[in-house]
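Values quoted throughout were computed directly from the atomic coordinates according to the rules given, and no laboratory measurement underlies them. Since this is a predicted model, take the numbers as computed values, not measurements. Neighbour counts are summed over all protein chains in view; Cβ atoms, including those assigned to glycine, are modelled from backbone coordinates with ideal geometry.
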Amino acid sequence: MLHQISERSCQVLFIALARLSCLLCVLVFLGGCVSGSTTASQVNTLVPSGDKPRILLMTPDVKYYLWTAGGVTELQAEWTEAARNNFLNSATNNLSARDTDLVVMGKRVGVDEVLRRYEKLHEAVGQTIRVNHFGLAKLPSKNGAFDWSLGPGVQEIGERYAADYALFVFYRDYQSSGGRVAMSILIAAAGGGMATSAEFGFASLVDLKTGNVVWFNVISAGAGELKDAAGANKTVDQLLKDWPAS
């Protein structure tokens, strides 16, 4: 009987550890491809259709998760709401100080299939840029060139908002529960290791005439805590550094 219980316990532990390992690999893939802040650009100067470049700040794709001891990630609505609001405020102040006309989309009411489609496309293209341009999985066909696009169909957004460029933002933060922190301490005491947090994001400036990603910046752990205003300012400063001149 004891042998059966012990065997069952080992199986459960093995499954739990396997799940944790899989999730850790995913988070390392998403958040650990680069270190610090890395920027790439196709242009040095933004080209306006009027007196100043008109920038559309898209609704930021910002989400906060609680990472449990069992390896489950749970979306935290209150943290996410605070982080989005802080990011919008900081980004609005940052971009308004530049020589541009800024259009802030803010929070959308209802479902807009066009905008949602391009937000998902931006996420996919952005992750590809992180892995295949900044990461180890270089694409031979690119030969090191920064040459990425969301496609010419994005002109629909430019026409709708009379904007020259759109700024897309993707950001994820995984913070450990008390149980996970306690487990990490026990594992560390036994000579092992367990990840307790992951933080990463990227921003893309897209030319709404061509769909080309003309500027891209990626940040990883240590950028700042979006849940408070000071941390949001720090994160936005890093995320929007080396912005093309207007």
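Assorted remarks:
- Unsatisfied cross-links (Cα-Cα over 18 Å) in the set Lys138/Lys241; Lys52/Lys209; Lys63/Lys138: Lys138/Lys241; Lys63/Lys138
- When only the Cβ of Lys, Arg, Asp and Glu is charged (+1, +1, -1, -1), the dipole of segment 119-159 relative to its Cα centre reaches about 340 debye.
- Model label points for Leu75 and Ala229, set 7 angstrom from Cα along the Cα-to-Cβ axis, are 2.8 nm apart.
- Fewest-first ranking of Arg98, Arg160, Arg54, using other Cβ atoms within 10 Å as the exposure measure: Arg160, Arg98, Arg54
- Residues Val213, Val103 in ascending order of nearby Cβ atoms (within 10 Å, fewest first): Val103, Val213.
- Sorting Ser204, Ser41 from the fewest to the most surrounding beta carbons within 10 angstrom yields Ser41, Ser204.
- Cβ-derived FRET efficiency at R0 25 Å, Thr92 paired with Glu156, nearest 0.05: 0.55
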